[in-house]
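Inspection log for the structure reproduced underneath, given as structure tokens.
The values are calculated or read from the model by the stated rules, or taken from the named source; none is laboratory data. Please read these numbers as outputs of a predicted model, since none were measured by experiment. Virtual Cβ from ideal backbone geometry, glycine too; neighbours counted across all protein chains shown. The protein model used for the area step is the full one, side chains on, heavy atoms only, and it has no ligands, DNA or RNA in it. Shrake-Rupley method; radii C 1.70, N 1.55, O 1.52, S 1.80 Å.
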Amino acid sequence: MRKTLISPSILSADFARLGEEVRAIDAAGCDWVHVDVMDGHFVPNITIGPGVVAAIRPHTHKPLDVHLMIAPADSYLEAFAKAGSDIITVHAEAGPHLDRSLQVIRGLGKKAGVALNPSTPAGAVAHVLDNVDLILVMTVNPGFGGQSFIGAMTDKIRQVKAMIGDRPIHIEVDGGINAQTAALVSAAGADVLVAGSAVFKDGRYQDNIAGIRSAADAAARAT
Ligand code: DX5
Ligand code: ZN
């Protein structure tokens, strides 16, 4: 059976204690650490730059899953690679040359991801499948944590899964994921679940990660 990976979003962490928070989710059993980079232009919020990625890098050996919500992204790819990112995801909507951006990320020795906004069709990745390691289906409009899951995205996850075939590409989901919605996206084919508020809400990181994981794994087993 496919193993569900949980990637807590540090957007919901206490930024004043970020190193400690990264160590805490690592100890609580996360698989990856999701880093939301926002530029106040592609999305209406500003968060983290490469300096912060470099600062948290020594606090975990787990993969840093860096989600770039910035446009243009190309001029920053090298900086995020050098800062210690393991996976770098760009938005399909962020620039005119997605294929080139993906090649640059892989050329920097990193895993390459493409994110799709809710209104972007699955077909936007149809011709780059051999250049991607991960497809991120946004289940909210990017910009903020704590938003409600958009149910129509489960159809898109199914479409992406069918398109991928037997290629070794992760399907990641991001936005409004909790134990309930984890089951829906897992049944549709997602194998990497980002969760911000559902992990960090009450300090019970281990229980929250385990709850999302077991709901997802149960749904995957049932399909
Ligand atoms: C949204 C970000 C998400 C966000 C998820 O733009 O990409 O990673 O932190 O937060 P929750 O899980 O609270 O919806
Ligand atoms: Zn994200």
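Listing for the model above:
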item: Subset tally (residues that are within 16 Å of ligand 1 (Cβ to nearest atom) and surrounded by fewer than 17 Cβ atoms within 10 Å (Cβ to Cβ)) for segment 108-142; result: 3
item: Matching helices (runs of 4 or more DSSP H) fully within segment 1-85 where at least 2 residues are within 20 Å of Gly113 (Cα to Cα) and among the charged types (D, E, K, R); result: 77-82
item: Val104 vs. criteria within 23 Å of Lys161 (Cα to Cα) and among the β-branched types (Val, Ile, Thr); result: no
item: Count - residues of segment 35-93 that are of a type in the set (D, E, K, R) and closer than 14 Å to Ile105 by Cα; result: 5
item: Residue satisfying condition, being in contact (Cβ under 8 Å) with a residue 12 or more places away in the chain, surrounded by fewer than 22 Cβ atoms within 10 Å (Cβ to Cβ) and in contact with a helix residue (DSSP H, G or I) (Cβ under 6 Å, 6 or more places away or on another chain), within set Asp86, Asp74; result: Asp74
item: Residue within segment 70-81 that is within 16 Å of ligand 2 (Cβ to nearest atom) and among the β-branched types (Val, Ile, Thr) present; result: yes
item: Of the criteria (1) in contact (Cβ under 8 Å) with a residue 60 or more places away in the chain; (2) within 16 Å of ligand 2 (Cβ to nearest atom); (3) farther than 20 Å from His91 by Cβ, which one Asn178 fails; result: (1)
item: Some residue of segment 200-222 being within 16 Å of ligand 2 (Cβ to nearest atom), acidic (Asp, Glu) and either closer than 23 Å to Ala71 by Cβ or open to solvent by 10 Å² or more (accessible area, probe 1.4 Å) (or both); result: no
item: Cβ pairs under 6 Å, 6+ apart, first in segment 127-144 and within 20 Å of Asn45 (Cα to Cα), second among the charged types (D, E, K, R) and assigned to a helix (DSSP H, G or I); result: Val137/Lys156
item: Any chance Thr154 is assigned to a helix (DSSP H, G or I), within 11 Å of ligand 1 (Cβ to nearest atom) and either crowded, with 20+ Cβ neighbours inside 10 Å or of a type in the set (Val, Ile, Thr) (or both); result: no
